[in-house]
Amino acid sequence: MSLSLRRVDPEILDSLPPDNPRAIRSRRDLKRVNMAMNQSRIFAKLVRDLPKPQRILELGSGDGTFLLSVAPLLPSWRGVRVYLLDQAPVVSNETLQRFEALGWHAEVIKEDAYVYLAQNKGPRFDLISSNLFLHHFHEESLRELMSRAAAATKAFVSCDPERSQFGLTGARMLWALACNDVTRYDAVVSVRAGFRGEELSALWPKSEEWSIFERSVLFTHSFLARWRPA
């Protein structure tokens, strides 16, 4: 199948109850996949030059462990307040305590990302982030999500699968990491729904107030938008 165009299909994990054994195993697998993709370091490198944030909102945070893995890589960000947003969050008390031990104060928000961003009337977040989240959306939905995010933040950063033959080959090799059937299936779906080139830049609101950076590294396609008002 050609990878020239994105193909967004349902992923098994999204349809399973949070306490389903296969879902629990798949979330555990995703931690190893993130490590194999070097996601935490790629993410930390993207945001390292941003001003120290006071408030971060993570979209599609899941169990919260991705940002937890980033926190030790950004020691100067101690004291930041993190809002972990997900429709069905599965953040454990242990994860919240580990955030606190690192000087990051975490709070869980159970809400749809579209709804939350539309209703947010407070000051802009210093950073809105997402990891392996944007590829779930078709272009028009994604354009709307990014428009709402742009109105709510001073910076936006995301890491998603790169849509490439190399990425597809890697997804098909996840049996080597002992990943279960859910993770192996969803990985292939994720790559086909991933990004390349400047596809995300084209969906971000057009404005001279935003500085855009987008590129692919190994299996990861990263995007950073910084608000620089005149």
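What to note about this one:
- In order along segment 133-144, phi translates into HN-Hα couplings of 10, 5, 5, 6, 10, 6, 4, 5, 5, 5, 4, 5 Hz, rounded to whole numbers, per the Karplus curve 6.51 cos²θ - 1.76 cosθ + 1.60 with θ = phi - 60° and x for Gly and Pro.
- Estimated inter-spin distance, Gln87 and Lys45, nm [label 7 Å along Cα→Cβ]: 3.3
- For the chain, accessible area per residue (1.4 Å probe, heavy atoms of protein chains only), Å²: 49
- Most simply put, the chain has about 40% antiparallel DSSP beta bridges, counting only bridges with both residues inside it.
- Residue separation of Arg143 and Gln54 scaled by 0.36 nm, minus their Cα-Cα distance, works out to 29.4 nm of gained length.
- Applied to segment 43-49, the Karplus parametrisation 6.51 cos²θ - 1.76 cosθ + 1.60 on θ = phi - 60° returns per-residue 3J(HN,Hα) values of 4, 4, 5, 4, 9, 4, 8 Hz, with x for Gly and Pro.
- Lysines with Cα under 22 Å of Lys31, excluding same-chain neighbours fewer than 8 positions away: Lys45, Lys110
- This model, with +1 at the C-beta of Lys and Arg and -1 at the C-beta of Asp and Glu, gives segment 191-230 a dipole about its Cα centre of some 120 debye.
- Ranked packing of 10-18, 185-193, most packed first, by mean Cβ within 10 Å: 185-193, 10-18
- Relative contact order of segment 83-230, pairs being alpha-carbon contacts under 8 Å that are 6 or more residues apart, as %: 22
- In the chain, the DSSP-assigned H stretches of four residues or longer account for a calculated mean residue ellipticity at 222 nm of -10500 deg cm²/dmol, using -39500 (n - 2.57) per stretch and the full residue count as denominator.
- Take every Cα pair under 8 Å whose residues are at least 6 apart in sequence, average their separation, divide by the length of segment 1-152, and the relative contact order is 24 percent.
- Here is the P(r) of segment 1-114: all C-alpha pair distances, binned every 10 Å from 0, give 12, 39, 35, 12, 1 in whole percents.
The values are calculated or read from the model by the stated rules, or taken from the named source; none is laboratory data. What you see is a predicted model, and the numbers here were worked out from it, not measured in a lab. Virtual Cβ from ideal backbone geometry, glycine too; neighbours counted across all protein chains shown. What goes into the accessible areas is simple: the full protein's heavy atoms, side chains included, and nothing from ligands, DNA or RNA. Shrake-Rupley method; radii C 1.70, N 1.55, O 1.52, S 1.80 Å.
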